[in-house]
Every structure is written in C-alpha cells, then in structure tokens.
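Read through the structure below, which is laid out as structure tokens, and then see the notes.
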Amino acid sequence: MSLLGSAPLRYLPLKHRVLSHSLARRCFTASSRQANKPHPVSRSVEFKQWSKNPHGQSPRPSAYDITFESSSPSWVGHKEVYLLSKTGVLKLPFTYLRDTCLCPVCKDQYSKQRTFRTGDIPQNIRPRWIKWDGRQLSIKWANDIPGYASDHTSTWSYDFLQKPILDTHDQSSVNEPVRWSKKTMSENQHWISFDDYINHDFKFAAAMQSLKRSGLIFVENIPESREMVEKIATRMGPLRNTFYGSTFDVRTVPEATNVAYTNQFLGFHMDLMYMNEPPGYQLLHCLENSCSGGESLFADAFRAAKLMKKSHPQQYQLLCEQRLGYEYRHNEHIYHNKRPVFEIDPQTNELLHVNYSPPFQSAIPSPDGKDHDHQSVRRLVEAINIFTKLLDSEGAIFELKLKPGVCVIFDNRRVVHARRQFNASEGSRWLAGAYVDTDALLSCFAVSRRKHPTAWKNMNKPPVSQASDVPQTNQATDSQGEGEIKISE
Ligand SMILES: [Zn+2]
C-alpha cells in the first residue's frame, strides 16, 4: 500500500497562535489552502483550534493542542500528518507513525526487536508536539502506550517515511533482471576466481550483483576437494538440506533413481519443483569430467517467458493460471506440489519465478477440481509446447563443458539447466552439488549491496549485454515481424 496520495484538503487548521518569532518557518495556513500552495510565515506556530471537518464534527481543541514547528511544507490533520514531497503528499496517520517508531526504547538497539505490540497502541493516539525540518519528523505523544516516559520522542527520517519497507524482492533499477540469450551470455559471462570469491569482498559483491541480475555465474580455479562446494555455497548463505543431503554428488551410478544420475540426455528442467519451497540457487562444482559429452546447457526462462508474453499472450496467461503437478514418489520419499509455469507477483505483476521440470511432472491437476475437459488440456499442451520450444531454441541455449575446478552457480527459479549425454565407459564425470535458499541469497544480495554500493553501482551496466528480445532468424524461433514469433514444428 502506498502512503502517497493526493493532497488532502479536508482537515486543516483554520487558526493558529504565534508562539515564537525567533525561527524562520514556513507552514500551510487556511489562506494558502485556497491557493493550494505553501504560504511562508516567519514563525513557529502552535495550532490551537481546528476547523470543523466537512462532516460537521465539532473540533476538540484540547485533544489537538499541538506545537508544530515546520520549516518545510506540511500540515497536520485530525488523524494524520501530511508531508509535502517532490513526488506528492505523504499521508501519515498518527497510529501508523506510533507503530513505526524506531527509537532505542521502541526498537532494541542490539536485538533489533520491537519492545511493544501493535495492539498496545491507544486507538485515539495523538501527538502533543510535532517537529518537521524537511528531512526529519519528530513527535512527542499526548497519550502514548502506557509505560512510556513522557519525554519519549519518535523520530523518522523522510527517506524512511517514504520507503519504510525493505523489499529485497524489489526488481527495480539495479535489481532488474538482465535477460540473456545464447549470444549475449556467450559474449559476456561473469567468472570469478575461487580466491577472489572467498577473500575479496568487493569482487564477491560484484559477483553477487551479476548472479542477482543474470542468474548465472562461474567460479574457477577451485582447489580439488569435495569440501569446496560447501565453502562456496556458505559464502552466500546456509546450505539447504534436502533428502539428497546438505551437499550431493552427481555421478553415474547403477540403477539410478533420479534421471540426473544416469548418462542419458537430461533436458531442461529446474530442481525440486515438487517441494513446497524449491531451492532458490544451485551450485555444481565439477571435480571430474573426462567423459566425452556431458556438456552443461543453460537457458534464461525469464527471457523465454517475456518472448512468449509478447508473441502468445493468451497462452502465456494460461501458464500463469493453470497449475501443473510435480512429484517425487519413491519408497522412502513422497513429495508433491502444484505450481503454475509462470508465477506472477500479484502486487507488481512482474514474473517472480518460472516453474518448469518435465521429468518430475505428475498428472495435470484439473483447473476446477472436476473432470478434465479435452479443449482445456489441449490448450495447455499447446501453451507448454510454445514455451518449451522457446527454451530449446538454438538462440536461447548457453552451452559449456564444465572443467574440473569450475563451479557454476545459477538461479534455480529462473535458469533452466540440462546436460548432454555422456559416455561413462571412457572416463569419469563427477559434480558436487549444493543448494542455497532464495531467502539467504536475497539477504546476501542486500548485505553485499549495503557494504559495497559501488560494486553494485559500477556494475549497473548489465553483467551481460541486454538480451535482444527479438529471436534470431534461422532458429526455432523465427521473427515474423509485428511481434509475431512462429514456433517451428
Ligand atoms: Zn519509540
């Protein structure tokens, strides 16, 4: 919910009593209300009486005996403070302000925990003194939460009041995803040495910015040790434990229960879609790869989604709504979940996650819990086929053969991965894997950005050049003009 609203002109003080002549201040007065612009006065003022509001309620002077010192356009209503900013009017209800108090009494300096409960706030809480200097707002309360000292002063910076909620999911500016194609990722990958990754805070921050924006980075020159994948992962956050273990090995094993453990071609997928919270990021550290084949393939599902939204909006919409089933059903572990292919943030309407894992799909859930309808299943198959072809198209796939000493880190909720067939009879192949949760990475991104803002600013230029959203010709997705993309059969 935005606190920015249109200028409220209903509850305004009509009279004020001059308290001091010593300070040069500006405030809104009744006359400036009509002119709808600030009226400068060279005084600090105390609002002693208030107008009748448009609904005819009587003023209650005793309840609003407020000293209001202002050097910047602002005014006080019956229930709110209004601060005028470049972007509009910030409307701040007293109750809301009391609830967000960040003072050392209300928010413990060490634990950063609140010392009061929202429900403790008197419903008719009101200020007795307000000071606003254009950058900082301070309030003393007439009827504070019981137990608080009379000199308790709540203070907020304007910046905080304007953007009080830390939104680590924010996809604006430096957080905006850079969608990549085969071409753009081939031209510009982000590689960082193991030594820099572990020991060089600034370079690590830059790598995190790349990971945040492109969803794919590489660590190289890693010491030859099975322990290293854990060391690389825990630099970002705690390991995500699953039934595969806190770290796992991808090797050829007889009678593998998971298709990743065989030497067959493994198509594009994401991991653990059948879990309630699929892991946000995956690491694969190559320890051995002397077999022929076994190349790793990656594609940016955010880019494919954007292309599909443009070329096939109806089918795109269907994949935002219709959920697919995912399952892992074995003797010792049974997991199941339903997810739409495109998970949209209901507030921003932006793509949050892509959920795509054909090897682990289960029966298609019925949209209304009843029988399946032939037409609706057919439409779903058609829509998935369009998306699959976009992912599988030549221009979308970045391919490389991981060499020993290299670890790939990728966003499992965005970047699909695949592996070409390999011949296990003439060499060995061994990857050590680990997962780190989205939450941990969002925290890691926010911390590294705060510690090294220049690493994030300098990298404002996308780590890989902006992917053209027009697919290349001579590929499975040919541009047909007018934004139409034909998917060849
Ligand atoms: Zn406080």
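The values are calculated or read from the model by the stated rules, or taken from the named source; none is laboratory data. Computed from a predicted model, the values in this text were never measured in an experiment. Positions of Cβ are generated from backbone atoms using ideal geometry, with glycine treated the same way; all protein chains shown enter the neighbour counts.
With part of a helix (DSSP H, G or I) and outside the structural domain of ASP439 (by TED's automatic domain parsing) as the only criterion, which of LEU97, LEU90 stands out?
Exactly one residue qualifies, and that residue is LEU97.
Somewhere in the range 295-306, is a residue in contact with a strand residue (DSSP E or B) (Cβ under 6 Å, 6 or more places away or on another chain), assigned to a loop (DSSP other than H, G, I, E, B) and within 22 Å of PHE243 (Cβ to Cβ)?
No.
Any idea which residue in the range 300-316 is surrounded by the fewest Cβ atoms within 10 Å (Cβ to Cβ), counting only those that are of a type in the set (Lys, Arg) and in contact with an Asp or Glu (Cβ under 8 Å, 6 or more places away or on another chain)?
Of everything passing the filter in the range 300-316, LYS310 is surrounded by the fewest Cβ atoms within 10 Å (Cβ to Cβ).
Going through ARG114, ARG213 one at a time, which residue ends up being modelled with pLDDT under 95 and assigned by TED's automatic domain parsing to the domain that holds ASP249?
When all the criteria are applied, what remains is ARG213.
So, in the range 224-258, how many residues would count as being surrounded by 14 or more Cβ atoms within 10 Å (Cβ to Cβ), modelled with pLDDT of 95 or more and in a loop (DSSP other than H, G, I, E, B)?
Final tally of qualifying residues: 4.
Could you please find all residues in the range 319-341 being β-branched (Val, Ile, Thr) and closer than 20 Å to ALA383 by Cβ?
VAL341
Would the range 128-144 turn up any residue that is within 14 Å of the ligand (Cβ to nearest atom) and over 19 Å from TRP75 (Cα atoms)?
Yes; the residues of the range 128-144 include at least one that is within 14 Å of the ligand (Cβ to nearest atom) and over 19 Å from TRP75 (Cα atoms).
Have a look at LEU402, LEU324, LEU390, LEU319 and point out the one that is crowded, with 19+ Cβ neighbours inside 10 Å, assigned by TED's automatic domain parsing to the domain that holds SER193 and part of a loop (DSSP other than H, G, I, E, B).
LEU402
List the strands (runs of 3 or more DSSP E) inside the range 405-448, counting only whole elements, that have at least 1 residues being outside the structural domain of GLU227 (by TED's automatic domain parsing).
Here the list is empty.
From PRO346, PRO340, PRO367, grab the single residue that is surrounded by 14 or more Cβ atoms within 10 Å (Cβ to Cβ) and at pLDDT below 90.
Matching residue, one of PRO346, PRO340, PRO367: PRO367.
Filtering the range 327-337 down to residues that are surrounded by fewer than 20 Cβ atoms within 10 Å (Cβ to Cβ) and not in a loop (DSSP other than H, G, I, E, B), which residue is modelled with the lowest pLDDT?
Among those that are surrounded by fewer than 20 Cβ atoms within 10 Å (Cβ to Cβ) and not in a loop (DSSP other than H, G, I, E, B), it is ARG329.
Report, by residue number, each residue of the range 92-127 that is away from the ligand (no atom under 16 Å from the Cβ) and within 26 Å of the chain's Cα centre (by Cα).
Correct list: empty.
Out of the residues in the range 182-223 that are out of contact with any Phe, Trp or Tyr (no Cβ under 6 Å at 6 or more places or on another chain) and among the charged types (D, E, K, R), state the one that is surrounded by the fewest Cβ atoms within 10 Å (Cβ to Cβ).
Looking at residues that are out of contact with any Phe, Trp or Tyr (no Cβ under 6 Å at 6 or more places or on another chain) and among the charged types (D, E, K, R), I get GLU187.
Here is a check on your reading of the model: is LEU390 closer than 25 Å to PHE265 by Cα and of a type in the set (A, V, I, L, M, F, W, C)?
yes
Of the residues in the range 273-299, how many are more than 28 Å from GLU224 (Cβ to Cβ) and surrounded by 21 or more Cβ atoms within 10 Å (Cβ to Cβ)?
4
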